[in-house]
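Structure first, then comments.
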Amino acid sequence: MDAPGDPEGPRLPRGDDPPGSARETARQLSREQLFVLISAASINLGSMMCYSILGPFFPKEAEKKGVSNTVTGMIFGCYALFDLLASLVFGKYLVQIGAKFMFVAGMFVSGGVTILFGVLDQVPEGPIFIAMCFLVRVADAVSFAAAITASFSILVKAFPNNVATVLGSLEIFSGLGLVLGPPLGGFLYQSFGYEVPFIFLGCIVLLMVPLNMYILPNYDSDPGEHSFWKLITLPKVALIAFVINSLSACFGFLDPTLSLFVLEKFNLPAGYVGLVFLGLALSYAISSPLFGLLSDKIPHLRKWFLVWGNIITAGCYMLLGPIPILHIKSQLWLLVLILVLNGISAGMSIIPTIPEILSCAYENGFEEGLSTLGLVSGLFSATWSVGAFIGPTLGGFLYEKIGFEWAAAVQGLWSLTSI
C-alpha cells in the first residue's frame, strides 16, 4: 500500500531523486503524513524521557536496597542487550505482526512497565528486588524496540523521498526527551518521592496510546524473501553498521564516566553536572534536521557527512580529557565546547545511515515494501544497542584502569577506524 498523499507513488530513497523532490513533497504534506509525524514524535519524546529518567536517582535507591554498583550497572546494561535481541526479531516479523499493532502495543507496554518501576521501592530488598528490576527493565527494552522498529518503518513508508529530513527533524524530540528526562525526574523525586516520576511519565505514555490508535495509518505488505544475514553481509551495509555501532558506543561511554570526571575535576555541585550534558543533547537535536535536509537534497554528500562526522567525533574524544600527550589544560568551557561539537558531528554521522542502507538494499535486489523497511530499522536499532552495551561497559572498565583522559581517547579510536 502506498502512502496516500504522495503524488509520485512508491519511490523510496535511492539517492537519485531530483533536487526539488524533497521540497515538492514537503509542500504537499498530507493529513496521513502529518498523523505519522505526530505518532513518531510522541514515541521519540516519551521513550527517551522514560529511558533517561533513571539516571539521577535510581542508583541511590538501589543502594538503599543493598544492590551493589556492579549489579546496578547490569540493570542499566541489560536494556541495550534485550533491545538488540528484540529489534532483530521485530524487524524480521514486522509484516506478520503488523506495523501499527507493533507500534501501539510497544507504547502501551512501555507506559505500563514505567509505572511498575515506580512501585519497586515497595518490593523487599535483596534478590527479589534485583529480579524485579531486571524483569521490568527487560520488558521496557522489548516494548521500546517494538515501538521504535515499527516507527522507523512507518516513517520511511510515509515519506519515501524525505527519509533523512524526517528522521533528522524527529531527532529534535529524542533530544528533548534526553534533556528533559533527568531534570524532570530529579525535580519530581525531590518533591514527591520515588514513585511519582515513574507514575507521571508512565501515565503520559499511556495517554498517547488511544491517540495513536486513532491517527496512525495501517500499512499492509507481503512478507519478503530476504533476511538480516543477507542484509548485513553486504559490504557497504556492514561498514555503515560499524559506524552506527561506534557512534553509539561513544555516546554510551559518557554515561558512566563523564559525570564522575566533571565532579572530580571541576568540583561542580551535583545539580550542575546534568547541565554539562545539555551541550551534547541540544546541539545534536538542533543540527540533525539540517543534515537530514541536506542528505535528501544532495544525496552524494552523505558519504562525506559520514567521513567528516567521524573525523570530528574522533577529534572530540581526543580533546575531551584532553589526552595528556597534547599538554592542554582541562577546562570546563573547553569540555562543554567539545561536547557541543560532538553533538553536531553525531548528527552529521547518524542521520545519513538509514537512507544509505536502504539505497544499498534496493540496489542489491531487496523488494520495496514494509518487509525491507522492517529489516533496515531492526538492523539500525540492533547495531545501536550493541554500541550502547559495549560503550558504558568498556568505558567504565577503562576509566578505572587508565583514567578518563586516556579512556576517552581509546573510545575515539572507534570513530577513527570508521573513517
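The values are calculated or read from the model by the stated rules, or taken from the named source; none is laboratory data. What you are looking at is a predicted structure, and each value in this text was computed from that prediction instead of being measured. Don't worry about glycine lacking a Cβ; one is built from the backbone with ideal geometry, like all the others, and counts go over all protein chains shown. What goes into the accessible areas is simple: the full protein's heavy atoms, side chains included, and nothing from ligands, DNA or RNA. Shrake-Rupley method; radii C 1.70, N 1.55, O 1.52, S 1.80 Å.
In table form, for the structure just shown:
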quantity	calculated
Matching entry among S295, S330 (being more than 25 Å from N245 (Cβ to Cβ), hydroxyl-bearing (S, T, Y) and either loosely packed, with under 14 Cβ neighbours inside 10 Å or touching a residue at least 40 places away in the same chain (Cβ under 8 Å) (or both))	S330
Residues of segment 344-375 satisfying the condition of being among the aliphatic types (A, V, I, L, M) and over 30 Å from G315 (Cβ atoms)	A361, L370, L373, L375
Residues (of a type in the set (A, V, I, L, M, F, W, C), within 30 Å of P210 (Cβ to Cβ) and in a helix (DSSP H, G or I)) located in segment 38-79	I38, A40, A41, I43, L45, M48, M49, C50, F58
Some residue of segment 352-374 being farther than 18 Å from G91 by Cβ, outside any helix (DSSP H, G or I) and modelled with pLDDT of 85 or more	yes
Test result for W333, in a helix (DSSP H, G or I) and either of a type in the set (V, I, T) or more than 21 Å from V262 (Cβ to Cβ) (or both)	no
Number of positions in segment 48-66 that are open to solvent by less than 10 Å² (accessible area, probe 1.4 Å) and either hydroxyl-bearing (S, T, Y) or more than 24 Å from W384 (Cβ to Cβ) (or both)	2
Candidate set: segment 395-415, residues that are at pLDDT 80 or above and open to solvent by 60 Å² or more (accessible area, probe 1.4 Å); chosen: the one nearest to G73 (Cα to Cα)	K401
Condition met for F242 (modelled with pLDDT of 85 or more and either open to solvent by 20 Å² or more (accessible area, probe 1.4 Å) or not in a helix (DSSP H, G or I) (or both))	yes
Qualifying position, being of a type in the set (F, W, Y), closer than 19 Å to S47 by Cβ, modelled with pLDDT under 90 and open to solvent by less than 40 Å² (accessible area, probe 1.4 Å), among F129, F103, F117	F117
Failed item in (1) over 18 Å from F389 (Cα atoms); (2) touching a Pro at 6+ places or on another chain (Cβ under 7 Å), with A105 passing the rest	(2)
Subset tally (residues that are outside any loop (DSSP other than H, G, I, E, B) and in contact with a Lys or Arg (Cβ under 9 Å, 6 or more places away or on another chain)) for segment 89-125	5
Test: N218 is open to solvent by 20 Å² or more (accessible area, probe 1.4 Å), polar (S, T, N, Q) and more than 30 Å from V123 (Cβ to Cβ)	yes
Residues of segment 142-170 satisfying the condition of being under 28 Å from F58 (Cα atoms) and buried (at least 24 other Cβ atoms within 10 Å of the Cβ)	S143, F144, A145, A146, A147, I148, T149
Residue satisfying condition, being open to solvent by 60 Å² or more (accessible area, probe 1.4 Å) and under 30 Å from A146 (Cβ atoms), within set E356, E363	E363
In segment 181-206, the residues that are of a type in the set (A, V, I, L, M, F, W, C) and either open to solvent by less than 40 Å² (accessible area, probe 1.4 Å) or not in a helix (DSSP H, G or I) (or both)	L188, F198, L201, V205
